[in-house]
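Asks: First the structure, then my questions, so here it is.
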Amino acid sequence: MDVYRLLYPMRTYIVVAGRGDETNVMAADWVTVLSHEPTLIGVAISPKRFTWELVKRYREFVVSVPSVEMLDDVWVAGTKHGPGKLRETSFELVPSGSIETPSIGNALANLECRVVDERDYGDHTFFVGEVIGFSYSKKAFPSGKPHLGAGFLAHLSWMDFVTFSNKIYRPGKGR
Ligand SMILES: Cc1cc2nc3c(=O)[nH]c(=O)nc-3n(C[C@H](O)[C@H](O)[C@H](O)COP(=O)(O)O)c2cc1C
């Protein structure tokens with residue numbers, strides 16, 4: 001058994017890297033927040049990924065938040081190699097506000113990152129990015145908080161994905 005699967009379900013994101021014809025996308029579960037001020041996030045990327053080469057070369061990446069409606073495109077991003085796959089998706093690449101790497105216009109949010117650190121851990125490289133720009137859908141984040149109806153995507157196992165129910169639990173209120 002792959003022990004890391006005991007940490008699932010995990011949210012699934014899209015990492016965008018590169019620019020121009022070289023722009024590439026990959027699915028990524030292994031994304032985390034590291035610091036609030038400055039805002040630092042990290043993503044573990046295998047050196048086997050074309051995305052890894054692009055992040056190494058350009059020292060920037062975008063973490064995009066897809067919705068469950070985008071699952072077919074997420075699956076293409078997570079199973080095919082290199083920029084040609086973008087033609088098979090409906091990802092709308094749009095200019096980012098703060099970096100050269102494009103964002104995904106139809107995603108729920110985009111975090112524009114400049115690489116400030118990286119380190120190899122086992123078979124992945126952990127890239128730390130400072131978030132220097134962002135964009136988001138006002139419908140998905142009214143008043144800055146997530147609206148569950150937007151269909152946030154999480155990964156259960158292999159080809160199985162889930163989204164969140166609308167039921168909200170609060171501590172001390174019973175179930
Ligand atoms: C749901 C899902 C999550 C994934 N998460 C990661 C991840 O966190 N890190 C990673 O290196 N690869 C991850 N992968 C694998 C890459 O997305 C996949 O190998 C992709 O084809 C790489 O594309 P590229 O070679 O064009 O960069 C994931 C795949 C899927 C389907």
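Asks: In segment 69-150, what GluC sites (Glu not before Pro) fall in a loop by DSSP, with at most 12 other Cβ atoms inside 10 Å?
Replies: Glu92
Asks: Which ordering of Asp117, Asp2, Asp73 is given by a fewest-first count of other beta-carbon atoms within 10 Å?
Replies: Asp2, Asp117, Asp73
Asks: Further question: From the cross-link list Lys85/Lys145; Lys48/Lys85; Lys138/Lys167; Lys138/Lys173; Lys145/Lys167, which pairs have alpha carbons spaced over 27 Å apart?
Replies: Lys85/Lys145; Lys138/Lys173
Asks: Trypsin sites (Lys or Arg not before Pro) within segment 77-152: which are DSSP loop residues with at most 15 other Cβ atoms inside 10 Å?
Replies: Loop-located and lightly packed - Lys138, Lys139.
Asks: Still on this structure: Calculate the length of the line joining the C-alpha centroid of segment 114-142 to that of segment 11-59, in whole Å.
Replies: Centre-to-centre (Cα) distance: 6 Å.
Asks: If you don't mind, there's one more thing I want to ask. Which three extents, in whole angstrom, do the alpha-carbon atoms of the chain cover along their principal axes, largest first?
Replies: Here the spans come out as 51, 40, 36 Å, largest first.
Asks: Next up: So which chymotrypsin sites (Phe, Trp or Tyr not before Pro) in segment 138-170 pass both tests, a DSSP loop state and at most 15 other Cβ atoms within 10 Å of the Cβ?
Replies: Trp158, Tyr169
Where a number appears in this text, it was derived from the coordinates with a stated rule and is not lab data. Quick caveat: nothing in here was measured; it's all calculated off a predicted structure. In this analysis, Cβ positions are derived from the backbone assuming ideal geometry, glycine residues included, and neighbour counts consider all displayed protein chains.
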